[in-house]
Amino acid sequence: MSTGHVEITDVRKSFGTTEVLKGVSLTVPPGGVAVILGPSGSGKSTLLRTINHLEKVDSGNITIDGELVGYQLRGNKLHELREKDILKQRTHIGMVFQNFNLFPHLTALENVAEAPVVAQGRSKEEARARALELLDRVGLKDRADAYPRQLSGGQQQRVAIARALALNPKILLFDEPTSALDPELVNEVLDVIRELATSGTTLIIVTHEMGFARDVADTVVFMDQGQIVEQGSPQEVFTSPREPRTRSFFSKVIEPAFNI
Amino acid sequence: MSSTATPVSVAGAAAQSAPSTGRPASAGALENQAPESTPESTAETPTAGPPAVDYSGYKVVPAKHPGRWVGTVLVALGVAAVLWSLATNPRWEWGVVAQWFTAQSVVNGLVETLKLTAISGALGFVLGFVLALMRLSASPLLVGVSWTFSWIFRSTPLLVQLLLWYNLGYLYEKISLGIPFTDVRFFEVQTTTLISQFAAAVLGLTLNQAAYSAEIIRGGILSVDQGQLEAAAALGIPAWRRSTRIILPQAMRAILPTAFNEIIGLVKGTSIVYVLAYSELFYTVQVIYNRTQQVLPLLLVATLWYVVITSVLSVFQYYIERHYSKGAVRNLPLTPLQKVRRFFATHAVLERKSR
């Protein structure tokens, strides 16, 4: 399967007078795993959120498999898509949030089975069966009837990943998926993402886990102040960063004992 | 489970590591020696704290609260005095209360009160939900209209609103449905035939209720984390479904306590429609006591019915709130009924064992 090609071209975005994305371009090939690193406030999360149109871009464009996100070209004008069509596009893009954002009043199973029924029109039985399968995949089949607050942070994030997978997305976006977790719970989530990295789904991951980034990424992107400073293979970016800004960032975030 | 185990193990460890100078808590004679022995022991083991004592063998005596007992007795006496006077003062005329409590006219009035509450409560909250969504929408016009609605209906006395609706026929003789700004009329009716006492009462109570419930519902919606909307949008869940399935059930936890306040207020608030000579509970009672001059006992009849309705509503409130707290608390507490059942179940087991 070779779908899930993401093409970001010269994207700009301002909040008020602050320009948080200053012309960002990035290509992630089908099945690729791109990890975006950078200090907070560098625009990583905003960039991620423009990909599923949770943030509208001010200029530039994003395409997925050649299809514009949020807009449609008719004649020589870009027409903004209606809510319904945007929602349909989003079903191809799964998203996992830093704070999980599971629906607390629904069980793990209901969380996973909700979107396939209402957004893709599948039958309840089909959605439930598929949800159980996905919960099994993230190792939580026996907690299917638990409410999110009865689960640990790591378990909640795994449910959130199962929920994102339930729509069979071509692309998965991870917005700092382990930043809200206790250190000992980080790995159970990273293991699930590692497994996904080999599944052929395109992954775009914003994270601060350097070792994990080095493991799973085929492209590492370093962002600072709304721009991509440097990108390349993990080998290139981690071992011999070209830009001084990248080097100074790594020297601060990677502990001396950390073996890279 | 580890939280209960920890203090025990810590205490045990301290007892082992401390020098063996532990003394019984009651040994007053040894206390004179303490200042001398303490510097020595700290010199030997600088890390050890004060000498540890094994308290596990002592009986625990709960602290005494004499003030609480005095307070309890005083309040109990007060309650008893009130009950006694209620029961024995002949002027309460309990016989008259009993005679009228289930009288046909009173029950008819009660039914009207319940009808008004149910209809205006339901319509008021539905309209309030729409107004809340309008207020939260991105359209400045919808926001403005919703705000103005709440502003007007919250700033005019309900009494004035009711009289205004009832006298609508004076302001507009006929009500018609047609094409605005033309003479085309599909349907035309005398205002006075359309606006009965009941219609005026429902209209007034509903619109007034809607203005208040809009704010309550809006507050509830605002209390739900923005991330919930975002997650639902990212999953492609349609807007209406996002509101009803994701946001509203969570907002209900914040909405319900205040909403039930409003409904209970509305039950008694319906008594204000007596100004329209509408024969709900309160008006009915008034009519009766104006005839029989038994004012207090008949007010008691109405009051007791309001107490009954409020009590029933409170039970509903408990169970509805409990329903919506699913997932918000780790484990639901037992309902009073479940507690009673568990009490009897465990005691039955004990009895069987003792036999």
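Between amide H atoms placed 1.01 Å from N, distances below 5 Å from A:Leu203 occur with A:Gly32, A:Val33, A:Ala34, A:Leu172, all of them 5 or more places distant or on a separate chain. Within the same chain, aspartates and glutamates fewer than 8 places from A:Lys77 are excluded, and of the rest, those with a Cα less than 17 Å from its Cα are A:Asp58, A:Glu67. Once the C-beta distance of B:Trp84 and B:Ile119 is scaled by a Förster radius of 51 Å, the resulting FRET efficiency is 0.75 to the nearest 0.05. Projected label points at B:Lys59 and A:Ile254, each 7 Å from Cα along the beta carbon direction, are separated by 6.9 nanometres. Taking the DSSP bridge list for the protein assembly as shown and keeping only pairs wholly inside it, about 65 percent are antiparallel. Hydrophobic, long helices, defined as DSSP H runs whose alpha-carbon span along the helix axis is 20 Å or greater and whose mean Kyte-Doolittle value is at least 0.0, occur in chain A at A:183-197. How high is the relative contact order of region B:101-326, given as a whole-number percent (alpha carbon pairs under 8 Å, six or more residues apart)? Relative CO of region B:101-326 lands at 28 percent. Buried area at the B:A interface is about 2200 square angstrom, summed over both chains, from accessible surfaces computed with a 1.4 angstrom probe. Note: relative contact order over region A:1-149, using C-alpha pairs below 8 Å and six or more positions apart, is 18 percent. Based on Cα contacts under 8 Å between residues 6+ apart, chain A shows a relative contact order of 26 percent. Rounded if a/c is under 1.5, else prolate if a/b beats b/c, else oblate: with a ≥ b ≥ c from the C-alpha gyration tensor eigenvalues square-rooted, which is the protein assembly as shown? It is oblate, given that a/c is not under 1.5 and a/b is not larger than b/c. Other residues whose C-beta falls under 15 angstrom from the C-beta of A:Glu184 contribute a net charge of -3, scoring Lys and Arg +1 and Asp and Glu -1.
The residues packed around A:Ala217, meaning those with a beta-carbon under 12 Å from its beta-carbon, carry a net charge of -2 if Lys and Arg are +1 and Asp and Glu are -1. Residue separation of B:Leu171 and B:Ala98 scaled by 0.36 nm, minus their Cα-Cα distance, works out to 21.8 nm of gained length.
Quick check for you: which residues of region B:155-175 have the amide N under 20 Å from the point 7 Å beyond the Cα of B:Leu194 toward its beta carbon? B:161-175, by backbone N distance to the label point.
When the surface is traced with a 1.4 Å probe over the full set of protein chains, A:His5 keeps roughly 60 Å² accessible.
What aspartates and glutamates could a cross-link reach from A:Lys124, if we take a straight Cα to Cα line under 12 Å and drop same-chain neighbours fewer than 8 places away? Within reach: A:Glu110, A:Glu114.
In this structure, B:Ala138 and B:Thr244 have a Cβ-Cβ separation that, at R0 = 25 Å, corresponds to a calculated FRET efficiency of about 0.85. Please give the length that would be gained between B:Trp151 and B:Thr335 if that part of the chain were fully extended, namely 0.36 nm times their separation in residues minus their C-alpha to C-alpha distance (nm, one decimal). Length gained, B:Trp151 through B:Thr335: 62.2 nm. If the segment from A:Thr27 to A:Ser199 were pulled out straight at 0.36 nm per residue, it would be longer than the present Cα-Cα gap by 60.0 nm. As a calculated quantity, the FRET efficiency between B:Leu222 and A:Glu19 at R0 = 35 Å, using C-beta atoms, amounts to about 0.75. Shape class for region B:159-268: oblate, because the ratio a/c of the largest to smallest gyration tensor axis (alpha-carbon atoms, square roots of eigenvalues) is 1.5 or more and b/c is at least a/b.
Equivalent-ellipsoid semi-axes for region B:131-215 (Cα gyration tensor, √(5λ), whole Å, largest first): 26, 20, 10. Here each label is just a point 7 Å from Cα along the line to Cβ, and for B:Phe186 and A:Glu80 those points are 3.4 nm apart. In plain terms, the bigger the Kirkwood radius, the slower the diffusion; for chain A, with that radius from Cα pairs, at 25 °C and 0.890 mPa s, Stokes-Einstein puts D at 129 µm²/s.
The values are calculated or read from the model by the stated rules, or taken from the named source; none is laboratory data. In this text, all values refer to a predicted model and were calculated from it rather than measured experimentally. FYI the Cβ positions are ideal-geometry reconstructions off the backbone, even for glycines, and counts take in every protein chain you see. SASA here: full protein model, heavy atoms, side chains in, ligands and nucleic acids out. Shrake-Rupley method; radii C 1.70, N 1.55, O 1.52, S 1.80 Å.
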